[in-house]
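Data block below; observations after.
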Amino acid sequence: MKNNHKIIDCTIRDGGLVNNWDFSVEFVQDLYNGLSAAGVEYMEIGYKNSPKLLNATEPNPWRFLDDDFLKEIIPEKKFTKLSALVDIGRVDPNDILPRAESVLDMIRVACYIREVDKGLELVNMFHNLGYETSLNIMALSSVPEHQLIEAFAMIENSPVDVVYIVDSFGSLDPDNIEYQIKKFQAMLPNKQLGIHTHNNLQLAFANTLTAMKNGVTFLDSSVYGMGRAAGNCHTELLVGYIQKTTYELKPILGVIEKHMLAMREKWEWGYIIPFMISGVLNEHPRVAMAYRNSDKRDNFVDFYDMVTTPEATLASTTKA
């Protein structure tokens, strides 16, 4: 098996969904330096969304990345490249500099299957500006087959570099992942593939390894698994497991020891029963996240009864 895999660490971007991107400059700099020393190929440093389109009233530098700010934070690029994510309808093209003028190397576009055409419009723009690009199709476990096949035709004819299999709800297992990969490979033979997993069923690492062993190149992860709800595949697991001479585990352990043990005491993520239940039910974890913020947070039986009644199921599936 060729060691052509590339890790994209999403600690800041996906982890920001846990703490509203309340990361210090020191932490982000230490993380970047640690990932570079560890040989991790990419760091997703946040969202490149536009505050005016979201009516943002408070500064949030990792959610609304500014190129001048990034140049101050990362004055000298090291081994690790920088990426950012954008959402459909949340990015102003006027806020995007050409790659030659930006610290960013890659811009990834997240979209639902119904928005693939709009996602590819952004991909084209970023490609023309010189960026590496990816298209991340979210909530793949709930996408009807015919819609995916229709989307593949558009994607195959686009300049996108990487197409992502995204287990948004953390509900897929290795057999599901292998099935999706083979389908993507058959329909998109000229595209590199990526994998983004969540740990609701404690399968994020296993699913990522399954993807890796089936030819997927780009592997998303986060340090200490920090990410929305149940979190992601752990960067330290991938760096420690993959036999690649450029990978070094010790720098990432240093970041965890210095910063993330205390962060884990302050903010909650990882395998927790309500998040597990949402994964079993193939549901978005938003209801579980709200429940964990209530005074009933550990009433697991009540939560299960709540989300398995028809009324609750209907309410959760009609939310965007």
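The values are calculated or read from the model by the stated rules, or taken from the named source; none is laboratory data. Just so it is clear, the model here is predicted, and its values are computed rather than measured. Neighbour counts are summed over all protein chains in view; Cβ atoms, including those assigned to glycine, are modelled from backbone coordinates with ideal geometry. What goes into the accessible areas is simple: the full protein's heavy atoms, side chains included, and nothing from ligands, DNA or RNA. Shrake-Rupley method; radii C 1.70, N 1.55, O 1.52, S 1.80 Å.
You will find that of Ile177, Ile195, the residue that is at pLDDT 95 or above and over 15 Å from the mean Cα position of the chain (by Cα) is Ile177 and no other.
Where the second residue is open to solvent by 60 Å² or more (accessible area, probe 1.4 Å) and part of a strand (DSSP E or B) and the first is under 26 Å from Ile8 (Cβ atoms) and in contact (Cβ under 8 Å) with a residue 12 or more places away in the chain and lies in the range 145-165, which pairs have Cβ atoms under 8 Å and are six or more apart or on separate chains? Short answer, once both residue conditions are applied: Asp161/Gln192; Val162/Gln192; Val163/Gln192. Reported count of residues in the range 250-261, each being farther than 27 Å from Ala290 by Cα and open to solvent by 30 Å² or more (accessible area, probe 1.4 Å), is 6. From the list Phe79, Phe126, which one is over 30 Å from Glu283 (Cβ atoms), of a type in the set (Phe, Trp, Tyr), modelled with pLDDT of 95 or more and assigned to a helix (DSSP H, G or I)? Answer to the check: Phe126.
Scanning the range 178-213 for residues that are in a loop (DSSP other than H, G, I, E, B) and open to solvent by 20 Å² or more (accessible area, probe 1.4 Å) turns up Pro189, Asn190, Lys191, Asn199, Leu201, Gln202, Leu203. Being at pLDDT 95 or above, open to solvent by less than 50 Å² (accessible area, probe 1.4 Å) and closer than 30 Å to Pro274 by Cβ is a property that Gly170 has.
Identification of helices (runs of 4 or more DSSP H) wholly contained in the range 233-286 with 2 or more residues that are more than 23 Å from Thr210 (Cα to Cα) yields 250-255, 261-266, 273-280. Residues in the range 262-281 include at least one that is on the phi > 0 side of the Ramachandran plot and at pLDDT 95 or above. Inside the range 1-59, can you point out the residues that are part of a helix (DSSP H, G or I), charged (D, E, K, R) and surrounded by fewer than 17 Cβ atoms within 10 Å (Cβ to Cβ)? Matches in the range 1-59: Glu26, Asp30, Lys52. Among residues of the range 221-249 that are surrounded by fewer than 24 Cβ atoms within 10 Å (Cβ to Cβ), those with a Cβ under 6 angstrom from a residue that is in a loop (DSSP other than H, G, I, E, B), sequence gap 6+ or separate chain, pair up as Gly240/Leu249; Lys244/Asn3; Thr246/Gly39; Tyr247/Gly39; Glu248/Gly39. For Leu104, the test of being crowded, with 19+ Cβ neighbours inside 10 Å, out of contact with any helix residue (DSSP H, G or I) (no Cβ under 6 Å at 6 or more places or on another chain) and assigned to a loop (DSSP other than H, G, I, E, B) is passed. Out of the residues in the range 129-163 that are in a loop (DSSP other than H, G, I, E, B), at pLDDT below 95 and under 18 Å from Asp220 (Cα atoms), state the one that is most open to solvent (accessible area, probe 1.4 Å). Ranking the candidates gives Met138 first.
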